[in-house]
Structure formats: C-alpha cells, structure tokens
1. Packing-wise, with mean Cβ within 10 Å as the measure, how do A:136-144, A:56-64 rank, highest first?
2. Separation of the range B:11-75 and the range A:9-76 by C-alpha centroid, Å?
3. Please list, ordered by chain and number, the residues whose modelled amide H lies under 5 Å from the amide H of residue A:135; skip anything fewer than 5 residues away on the same chain.
4. If I take every Cα pair under 8 Å that is 6 or more residues apart in chain A, average their sequence separation and divide by the length, what percent do I get for the relative contact order?
5. Would you calculate, for chain B, the mean residue ellipticity at 222 nm contributed by helices, counting each DSSP H stretch of 4 or more residues as -39,500 (n - 2.57) and dividing by all residues, to the nearest 500?
6. Once you put a point 7 Å from the Cα of residue A:84 and another 7 Å from the Cα of residue A:123, both along the Cβ direction, what distance in nm separates them?
7. Can you give the net charge of the other residues whose Cβ lies under 12 Å from the Cβ of residue A:8, counting K and R as +1 and D and E as -1?
8. Considering chain B as a Gaussian network with a 10 Å cut-off on Cα pairs, which listed residue, B:58, B:34, B:12, attains the greatest mean-square fluctuation?
Amino acid sequence: MTEQKKRTTIVLFSGDYDKAMAAYIIANGAAAYDHEVTIFHTFWGLNALRKEEMVPVKKGFLEKMFGKMMPRGADKMGLSKMNFAGMGPKMIKNVMKKHNALTLPQLIEMAQEQDVKLVACTMTMDLLGLQEKELLDNIEYAGVAAYLADAEDGNVNLFI
Amino acid sequence: MKIDQVLDAKGLACPMPIVKTKKAMDTLTTGQVLEVQTTDKGAKSDLTAWAKSTGHELIDFKEEGSIFIFYIQKG
C-alpha cells in the first residue's frame, strides 16, 4: 500500500483527567485505524506530559508558583466534574480498575508505543514556565504552524 | 475455516480490543484469519467498523454467552 495514510489530529487544551483520557482513547483508536496521529498539547494540556518527579530547573518566582500549582504529571490531574478536592479522581480510578480500563498514564504510554506524535506547544510552555527537561522524553516541540501542517490534510480533527 | 491466530481480549475495555486486534493483524499475512474473543459490549460495532475501514473482512461473528467472537480475514 503506497497511498498516503489517513491522519487524526487532536488539540489537547484541557488539563482535566477525564478530558485527557477521552483525547488519548481517541488517539489510540485512531492509531489502531492506521492513522498518523498527532496530539498537540497546549495550555493546561501540557500537564499531561509532565514528568512525575521533581526536575530541578532554574525558574523565576511566578514560574515556580505555576509549577507548584499545576498537577505534576497525568496521574495528578483532576476531574472536570465531581473532582471533590481530589476525592473524585481516587474514586474514578477505583471504578476504572474494576472495569479494566487503562489509566491515563497507561494510555499515554500506549500512545507512544503506537507512534502517536506527542507535541508540546512551546509558546504556552513559556507562559506556564515549563521546560523541556520537565516533560516526557521522546516528544516534539512546535508551534501553531507545525500543528496546522499536520491538521490541514487531516481527516479527523478535535479540540479537547 | 482455518484459524491462524487467536486473540484473547476478554475483560479488556475500550480502546484495548481494537488496539490489540490491530497489533495481532500486523503479524498476519493477507488471507490469514484472526479469531478475536472479547467481552466489551461496544466491540461488535467497533470491530465491524474497524475491519471495513482498514480493508479486512469480518467473515463471521458469534456470541457465546457474554463472549463475542469475531473471525477477521486479513485484506
């Protein structure tokens, strides 16, 4: 088969656990459909790419505060509904285990395994004070033009 | 019907049955048949649509209790 593969592009703007899950489930499904898949992480969606451990980097005061207030990694993200100050995610993770659903960190790992292109928006990284060292390995860094290049010949395009 | 590979996807939730099916299918050659066993209720629509869209053929489907069994021939 020499024909061009179909393409799915997703903008992950949200930093909510449930919304990120939806984005990554669609991405994994699309990869199984043999699409070339790109997830472009911007604003709060960047937190899904954060490493869980503390990475020592030089930062200004505001950036440090941002770093402290935002969830460090996918597993720490809250729910868009019924978060109950952190109780919600604990409950839903329990339910997910019962139903054998993959957790968000597992979905991200699966996406990387399936060669889903994970992109971090460099402009919003600057705004939120996130540095490359703090984000997962093997991801790409780009801006709106690179995203549009993938999206313009895309077949599925979502903003979550 | 000759079955070349059996994939046990029982108990797995969306999107895993489809992800595993794709991976298993990648190891087969054209004309070979994959049997997929799953318990995910969405799988009937999912695998039917997936097979159609990716150029494979769903040649048979049956339900045994709560288990759905698909036979997909690689296209």
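1. A:136-144, A:56-64
2. What the calculation gives is 31 Å, centre to centre.
3. Excluding prolines and chain starts, which carry no amide H, the hits are A:51.
4. 38
5. Rounded to the nearest 500, the figure is -9000 deg cm²/dmol.
6. 4.0
7. Local charge sum for residue A:8: 0.
8. B:12
Computed from the coordinates by the stated procedures, all read-outs in this text should not be read as laboratory data. Worth saying up front: this structure is predicted, and the values here are computed from it rather than measured. Neighbour counts are summed over all protein chains in view; Cβ atoms, including those assigned to glycine, are modelled from backbone coordinates with ideal geometry.
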